[in-house]
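Written below as structure tokens is the structure these notes are about.
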Amino acid sequence: MPLLSIQNVSVSYGKVEAVRNVSLSVEEGRIVTVIGPNGAGKSTLMLATMGLLRLQGSVTFQGEDLSHLSVEDRVERGLCLVPEKRELFHQMSVRDNLLLGSYSRSDRDAVAADLDAVYLRFPRLKERHRQAAGTLSGGERQMLALGRALMSRPKLLILDEPSLGLAPLIVREIFDTIASLREIGVSVLLVEQNA
Ligand code: ATP
């Protein structure tokens with residue numbers, strides 16, 4: 001059974017159909033990439049998978065039909081989206097943004113250890129833990145968005161164009177991090193414009 005299964009999914013904005021009849025699946029431990037040009041509907045498909053847009057078709061996660069689950073429930077099940085615009089809380093510190101990633105968790109005792117693990121993975125975030133998120137560089141913001149997502153202890157991370165607007169060296173760093181997530185049992189559904 002795949003971790004995530006998207007079957008015959010269509011999504012419309014009013015009368016305009018942005019995604020038509022798409023099917024894909026992500027097996028546990030895999031990184032699956034969806035590649036397509038601007039406007040192809042990639043972000044729309046990811047938002048719909050998270051429950052942020054209404055869809056036709058079916059999405060299951062670990063065999064469970066997600067259609068009746070709220071976004072929060074989906075996060076609790078282990079799905080987490082890092083949106084294209086990263087959507088940080090700009091006036092809040094790096095640390096507080098990270099802690100917000102854990103808000104739905106009931107195992108509060110483990111949160112401090114997970115924060116340390118994120119700092120270990122992204123030493124730059126540790127150095128800047130008191131800095132306002134809005135003052136970070138583009139690459140640091142992407143690290144923060146990834147770190148915040150990891151704080152929810154996801155089983156599947158959905159990453160919408162993590163390379164967008166970043167210098168090649170930083171892109172390399174971010175993709176190395178993404179590749180290493182497998183070691184902690186995180187599968188990835190990745191959206192990019194270019195292979
Ligand atoms: P990009 O690589 O530029 O992010 P994308 O493949 O992620 O593109 P989407 O953002 O999913 O594409 O957009 C798909 C289509 O849906 C586009 O034609 C876009 O204009 C349209 N669209 C996106 N959001 C809305 C919205 N809120 N209302 C109406 N149309 C929308």
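The values are calculated or read from the model by the stated rules, or taken from the named source; none is laboratory data. Predicted model only: the values in this text are computed from it and were never measured. Cβ coordinates were reconstructed from backbone atoms using ideal geometry, including for glycine residues, and neighbour counts include every protein chain displayed.
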Can you work out which of the residues in segment 16-34 that are within 10 Å of the ligand (Cβ to nearest atom) and surrounded by fewer than 15 Cβ atoms within 10 Å (Cβ to Cβ) is farthest from LYS155 (Cα to Cα)? VAL16
Kindly indicate whether any position in segment 140-159 is out of contact with any strand residue (DSSP E or B) (no Cβ under 7 Å at 6 or more places or on another chain) and more than 24 Å from VAL75 (Cβ to Cβ). no
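Quick grid of which residues meet (1) at pLDDT 95 or above; (2) under 17 Å from SER102 (Cβ atoms); (3) part of a helix (DSSP H, G or I):
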residue	(1), (2), (3)
LYS126	yes, yes, yes
ARG141	no, no, yes
ARG148	yes, yes, yes
ILE158	yes, no, no
LEU166	no, no, no
When the residues of segment 168-195 are narrowed to those that are part of a loop (DSSP other than H, G, I, E, B) and at pLDDT 90 or above, which ends up nearest to the chain's Cα centre (by Cα)? VAL186
Among the listed residues LEU69, LEU52, LEU100, LEU81, identify the single one that is in contact (Cβ under 8 Å) with a residue 12 or more places away in the chain, more than 27 Å from GLN131 (Cα to Cα) and under 17 Å from the mean Cα position of the chain (by Cα). LEU52
When segment 90-103 is examined, which residues are found to be surrounded by 15 or more Cβ atoms within 10 Å (Cβ to Cβ) and in a loop (DSSP other than H, G, I, E, B)? MET92, GLY101, SER102
Among the residues of segment 132-179, what is the count of those that are under 22 Å from MET50 (Cβ atoms) and touching a residue at least 40 places away in the same chain (Cβ under 8 Å)? 25
May I ask you to list the residues in segment 51-68 that are surrounded by fewer than 19 Cβ atoms within 10 Å (Cβ to Cβ) and either near the ligand (Cβ under 9 Å from one of its atoms) or within 20 Å of LEU156 (Cβ to Cβ) (or both)? LEU52, LEU53, GLY57, SER58, THR60, GLN62, GLY63, GLU64, ASP65, SER67, HIS68
Against the conditions (1) assigned to a helix (DSSP H, G or I); (2) closer than 25 Å to ILE6 by Cβ; (3) not aliphatic (A, V, I, L, M), where does ASP116 fall short? Just the number, please. (2)
